[in-house]
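The values are calculated or read from the model by the stated rules, or taken from the named source; none is laboratory data. Just so you know, these numbers come straight off a predicted model, no measurement behind them. Neighbour counts are summed over all protein chains in view; Cβ atoms, including those assigned to glycine, are modelled from backbone coordinates with ideal geometry. Surface accessibility is based on the protein's heavy atoms, side chains included, excluding ligands, DNA and RNA. Shrake-Rupley method; radii C 1.70, N 1.55, O 1.52, S 1.80 Å.
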Amino acid sequence: MKNNHIKTFSTGEFADLFGVKKDTLLYYNKINLFNPAGIHSNGYRYYTLPQLDTFSAIQSLRSVNVPIKELKSYFDSPSSTRLNELASRQVENIEMEIHKLKENQLFLSRLMEVTNELQKVVIGELILKELPAESVLYSSSKNIDWDASVEALSHIYDEFLIEVGVNGAAAFGSVLNKNNLLNENYLQADCLFCRMEGPGTIKKPAGLYAIYYYQGSYDNIKNAYSYLLKEIPSQKLTIAGDAYEEYLLHSLVSKLEEEYITKISIKVNPQE
C-alpha cells in the first residue's frame, strides 16, 4: 500500500485511499459514525492503519445503499446476527427497487411502442390484421357508464391505475362487449383494461381483428362504431368478439382533444 510506512494519515490522505471526498469523512465525524483517531497539536485530524478495516466495512455497506441511520445503529453494536438482519432488510429494499425499475422500464417501452405505432397509423380506414393472443388485465369496476359524472369516472380511472400501477397509463383502454356493440350502446363499457403480464391477467384471444384508428373527441366516437358496423359486413366478415378501445394519443402527447387517437380492435370471422 502506498505510504503504508506512515503511521497516521491526514484527512485528505485517508479519503484518497478510498476514493471518497474529504467532506465524507467530515460528515461521518459530525454524525459520530466514523471519527478520526485523534487531532495533531496543529489542530489537524488524523487517521491510523487499524481504522482502514472499519472504514472499509462502512463503505461496503454504503455501496449497497444501506442508509446512514441504519449504519450508525449497527456499528454501535455490530454482530453477525444484526448484520444478517440488516442484510435481509436491504435485500427486501432492493427487490422493491427492482420491481419499480421493471415497471418503469415497461412504461417507457410501452410509450416507445405506442409512439412508433402512431407514426404508421392510417386514420379512418378499416384494417384487417392477424393478432397473437396477449395478456390483459381487466378492471374490478364493471359496467362503466361514460355518461357518468367526471368525478365518478375519475374515481374509476384512479382505482384502476392503482390496480395496475400508474405506469399502466401507457397502455390503457376500455372494453365494449359484443352485445352492447351490436345494440349500438356505445356509452356502456364492460370494463377498463391494460395490456400487461402478471397475476390476474387473462388472454385476449388471437385471431383476425378489424382495426380502426379514430381521431377526435371521445364524444363523437359513435361515428367510428357506426362506420365499423357497416364496413365489417361489407368485407364479408362477422363480429366475433368485444371491441377493445385503446387510447394511443391522449394527454401525454397532445393538449387538444380533437387530436386524440383511439384504436378500436374487434375480433372478426369470415361469413359462412
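Could you please let me know if ALA210 is open to solvent by less than 30 Å² (accessible area, probe 1.4 Å) and within 20 Å of GLU163 (Cα to Cα)? It is false that ALA210 is open to solvent by less than 30 Å² (accessible area, probe 1.4 Å) and within 20 Å of GLU163 (Cα to Cα).
A search for C-beta distances below 7 Å between a residue of region 65-90 that is in contact (Cβ under 8 Å) with a residue 12 or more places away in the chain and of a type in the set (Phe, Trp, Tyr) and any residue that is open to solvent by 60 Å² or more (accessible area, probe 1.4 Å) and part of a helix (DSSP H, G or I), counting only pairs 6+ apart in sequence or on different chains, returns TYR74/ARG82. Taken over region 115-159, the criterion of being of a type in the set (D, E, K, R), touching a strand residue (DSSP E or B) at 6+ places or on another chain (Cβ under 7 Å) and more than 30 Å from LYS236 (Cα to Cα) is satisfied by LYS142, ASP145, GLU159. Looking only at residues that are outside any strand (DSSP E or B) and open to solvent by 70 Å² or more (accessible area, probe 1.4 Å) in region 213-226, which one is modelled with the lowest pLDDT? Ranking the qualifying residues of region 213-226, first place goes to ASP219.
Could you tell me whether region 67-79 includes any residue that is of a type in the set (A, V, I, L, M), under 29 Å from PHE14 (Cβ atoms) and at pLDDT 90 or above?
Yes: region 67-79 contains one or more residues that are of a type in the set (A, V, I, L, M), under 29 Å from PHE14 (Cβ atoms) and at pLDDT 90 or above.
Any idea which of SER135, SER141, SER109, SER88 is open to solvent by less than 60 Å² (accessible area, probe 1.4 Å) and touching a helix residue (DSSP H, G or I) at 6+ places or on another chain (Cβ under 8 Å)? Criteria check complete, one pass: SER141.
Go through region 20-37 and report how many residues are free of Cβ contacts under 8 Å to residues at least 24 places away in the same chain and either outside any loop (DSSP other than H, G, I, E, B) or open to solvent by less than 70 Å² (accessible area, probe 1.4 Å) (or both). Don't jump to the end; show me each part of the working.
Taking region 20-37 as the starting set, the residues that turn out to be free of Cβ contacts under 8 Å to residues at least 24 places away in the same chain are 21-27, 29-30, 35.
Restricting the remaining residues to those that are either outside any loop (DSSP other than H, G, I, E, B) or open to solvent by less than 70 Å² (accessible area, probe 1.4 Å) (or both) gives 22-27, 29-30, 35.
Result for region 20-37: 9.
Looking across region 63-85, just one residue is within 28 Å of the chain's Cα centre (by Cα) and surrounded by fewer than 10 Cβ atoms within 10 Å (Cβ to Cβ), and that is SER63.
Condition check: touching a helix residue (DSSP H, G or I) at 6+ places or on another chain (Cβ under 8 Å) and in contact (Cβ under 8 Å) with a residue 40 or more places away in the chain. Does ALA224 satisfy that?
Values: touching a helix residue (DSSP H, G or I) at 6+ places or on another chain (Cβ under 8 Å): no; in contact (Cβ under 8 Å) with a residue 40 or more places away in the chain: yes.
No: the conditions fail for ALA224.
Across region 175-194, not a single residue is classified as under 13 Å from SER139 (Cα atoms) and at pLDDT below 85. Among the candidates LEU108, LEU71, the residue that is among the aliphatic types (A, V, I, L, M), outside any loop (DSSP other than H, G, I, E, B) and touching a Lys or Arg at 6+ places or on another chain (Cβ under 8 Å) is uniquely LEU71.
Please go through region 147-165 and pick out each residue that is surrounded by 14 or more Cβ atoms within 10 Å (Cβ to Cβ), within 26 Å of GLY216 (Cβ to Cβ) and in contact (Cβ under 8 Å) with a residue 24 or more places away in the chain.
Kept after step one, since they are surrounded by 14 or more Cβ atoms within 10 Å (Cβ to Cβ), are these residues of region 147-165: 153, 156-157, 160-161, 163-165.
Then keep just the ones that are within 26 Å of GLY216 (Cβ to Cβ); that gives 153, 156-157, 160-161.
If the condition is that a residue be surrounded by 14 or more Cβ atoms within 10 Å (Cβ to Cβ), within 26 Å of GLY216 (Cβ to Cβ) and in contact (Cβ under 8 Å) with a residue 24 or more places away in the chain, then ILE156, TYR157, PHE160 are the ones that fit.
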